[in-house]
1. Quick check on the chain: what are the equivalent-ellipsoid semi-axes from the Cα gyration tensor, as sqrt(5λ), descending, whole Å?
2. Figure the gain on full extension for Lys161 and Asn224 (residue separation times 0.36 nm, minus the Cα-Cα span) and round it to one decimal in nm.
3. For region 76-91, in order, what is each residue's ³J(HN,Hα) by Karplus, 6.51 cos²θ - 1.76 cosθ + 1.60 with θ = phi - 60°, in whole Hz (x at glycine and Pro)?
4. Report, by chain and number, residues whose modeled amide H sits under 5 Å from the one on Phe293, excluding near sequence neighbours (fewer than 5 apart, same chain).
5. As an exercise, find the ratio Rg/Rh for region 65-110 from alpha-carbon atoms, using the Kirkwood inverse-distance average for Rh.
6. Using the structure shown, list the pairs from Lys326/Lys375; Lys287/Lys326; Lys326/Lys409; Lys345/Lys409 with a Cα-Cα distance above 19 Å, or answer none.
7. Obtain the nm distance between the two label points defined at Gln9 and Trp104 by a simple spin-label model: each point lies 7 Å from its Cα along the Cα-to-C-beta direction.
8. Which Rg and Dmax, in Å, describe the Cα atoms of region 140-262?
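Please treat every number below as a calculation from the coordinates, not as lab data. These figures come from a predicted structure and were not determined experimentally. Here the Cβ positions follow ideal geometry from the backbone for every residue, glycine too, while neighbour counts run over all protein chains shown.
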Amino acid sequence: MKTLGWIIQDHKCRLEAQQEFNFLRWRINSKEMNMKITQDRQQSLIQQLQILLIKIRKQQTIRIRQIASIRGKLIFLKPSIPKASFHIMIMNQIIKQFVNNNNWKIEIICPKTIIPELQWWITTINLNIPINIKPFHHQAQLTSDASKDGWGGTFQIIGQKEIKIADKWRNKESNNSSNFREISAIYLSLLQMLPQIKRYQIQDILVQTDNQVASYNINRRRANWTLAEIVERIIDLTVKENLRLRVIHLPGVLNHTADSLSRLSRSGDYGIKKEILQQVLKEWNIKIEIDAFANRKNRKTRRFYTVNKDKWAEARDGLSQNWTNKVILVHPPIPLIPKSLAKIKEENTTAIVIVPIWEGQYWWPMLQELKIKAKVLGKSQEVLEMGAKMKKRGLMLPPGEMGIFLITKMQKENNYSENL
């Protein structure tokens, strides 16, 4: 090439193919598909940080330009240090406080509040953990939403059934801003799905949220003071579990399932329409004796147990009652489905069970094991009746279709299902 007139800078070129090489002061490993800081940059930065640290401890004057210069070098490390933005916040505050009219030559005595931040950087740069640079190909998809009442979401590993997750806020969490709640919903959904993520060795997860602030902050791994704590928790989790997230905005009108789960009624203030239940009971030739989860307005039998206090109820807390030798109607609030199925199995009772058809839930295999008969009833909004409290609070019915199942003490020789 030189003979053709090209000027070649030999010290800047790699004339032989290599799987590990330095580029723009990054050490890139194309075999393992990762990169880290080069050794010379690592040593140089640690030395500069230590000098700055000594001056601050001795309360010596420092040019603001020097602090800004170090900050710029640390920001450049963001591709390999996911939490970089959260550990220059005090530095940013100091620069903003003392720089007036672009006077970068000003000298200051730097506050000691910056010391923990600088120590974190020295430790992190010294570790120099390689960062994954493989192309992102999501193996699972998480969709989440949050409301004043709670949070909810769906999680689906490619090629498997969708799992629905939901819970209510603890203590004063509902008082947080809507942006904080939306980001918290993503964090809590990831935490709850962690066993599945580990089991199937998931690394890349596509996250969908209808909150643009959440998607923007998590993707750029940076947030203002009010959201920094919860965003940093997500980054901590991804680093610890070797996960990569890509968060995209999903318009609210398309986020119906997660929205319903976040507003889910957990007290059971809804019930199956009486005429639909009676039709199935007539087909199966069975008569129920007691309703295990009801109130005086939605009970389907004269005798009933209640979740909340009710003078008309035979007893409170159906799960603590004896179900043996009774034909029980079991339409539990969503959080009580696993305990209800376990109680039916333990007491070997006869029960009519009404639950959402959520095939990805961990309790679904137990239900399939216990059932004698099954039938799809239809979409929840078509077969369930909402209670007055639900409507007043803006709560939602379980999303998807509802199913009705017969579980008896008989041997499952004639086990069959209709439309399920």
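1. Over the Cα atoms of the chain, the ellipsoid semi-axes are 59, 26, 17 Å.
2. Here the answer is 19.0 nm.
3. In residue order, the calculated couplings are 4, 8, 3, x, 9, 10, x, 9, 3, 5, 7, 10, 10, 5, 5, 4 Hz.
4. Hits under the 5 Å cutoff: Tyr305, His331.
5. On the Cα set of region 65-110, Rg over Rh gives 1.01.
6. Lys326/Lys375
7. Distance between label points: 2.3 nm.
8. According to the Cα coordinates of region 140-262, Rg and Dmax are 13.2, 39 Å.
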